[in-house]
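Report on one structure; see the data block that follows.
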Amino acid sequence: MKNSLAKEFPCRENMGFDLPGIMFGEPQQFVRFSCIFKQGALANKLFMVKSGLVKIVHESESGDQFIREIKTEGEIFGEWDSVFNPSSRFTCTAISISEKTEILSFNLKEIEIKGMTNPLELTRRIFEEIETWKKRYERLLHKSAEYRIKETLRELALRAGQKFGEETLLKVWLSHEDIGQLTDCSRQTVTTIMNQLKTNNLISYRRDRILFRNLNLIHR
């Protein structure tokens, strides 16, 4: 049974979740700061993080850049429009921010439609993306900069961190400016909040990692 499943779903054993009917090829490996795809390139496929973290960056017409989101293991990214429109273009650039990141990819031709399973699954994931942006917008309207910074870091640690008792280690290469872009705050505000967390012994950090003493206490 195991062998038959492996033939039908080549990378299924390595996946963090089940996405029936989609044929993934061999994962591609990217070192830190490698570009997975560039804004403006033909968006003829979707991607999934097998391991590591990916930064999604948008550049405006004026040349300003901001981080839209961070993708972690098991999450899909790319242009959802490419599922239905093979001629669409990437509206962002995707960059690896882990020492080693493994990426799976698939496109419309690689999707085997079995009943309504895949269309419903892909639709669900599109709505998850919408909910993520809705949550970010609501925080911007109703929450303080301090809350946005702490909660964004807490959620990222829950998604991609390693637990060691009460402590959680998040290995991610993010500058204070990057965190500011993720939380719609200034770099100076991020530096102030990070220093407060460090002074209160809630975190310790350097450029490529953050150690949370106890995620339940971060809003203390």
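In segment 73-84, the residues that are of a type in the set (Lys, Arg) never reach a residue that is assigned to a helix (DSSP H, G or I) and surrounded by fewer than 21 Cβ atoms within 10 Å (Cβ to Cβ) with C-beta atoms less than 9 angstrom apart, at least six apart or across chains. Scanning segment 150-177 for residues that are touching a helix residue (DSSP H, G or I) at 6+ places or on another chain (Cβ under 9 Å), in contact (Cβ under 8 Å) with a residue 60 or more places away in the chain and either part of a helix (DSSP H, G or I) or crowded, with 20+ Cβ neighbours inside 10 Å (or both) gives Lys150, Glu151, Leu153, Arg154, Leu156, Val172, Leu174.
Okay, residues lined up against (1) β-branched (Val, Ile, Thr); (2) outside the structural domain of Thr183 (by TED's automatic domain parsing); (3) under 19 Å from Gln181 (Cα atoms); (4) modelled with pLDDT of 95 or more:
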site: Phe30; (1), (2), (3), (4): no, yes, no, yes
site: Met48; (1), (2), (3), (4): no, yes, no, no
site: Phe66; (1), (2), (3), (4): no, yes, yes, no
site: Trp80; (1), (2), (3), (4): no, yes, no, no
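The condition of being out of contact with any strand residue (DSSP E or B) (no Cβ under 8 Å at 6 or more places or on another chain) and not assigned by TED's automatic domain parsing to the domain that holds Phe77 holds for only one of Thr132, Thr168, Thr189, that being Thr189. Considering every residue within segment 185-195, establish whether at least one is hydrophobic (A, V, I, L, M, F, W, C), at pLDDT below 95 and touching a helix residue (DSSP H, G or I) at 6+ places or on another chain (Cβ under 6 Å). The answer is yes; a qualifying residue exists.
The values are calculated or read from the model by the stated rules, or taken from the named source; none is laboratory data. Computed from a predicted structure; not experimentally measured. A quick note on method: Cβ atoms are made from the backbone with ideal geometry, for glycine too, and the neighbour counts reach across all protein chains shown.
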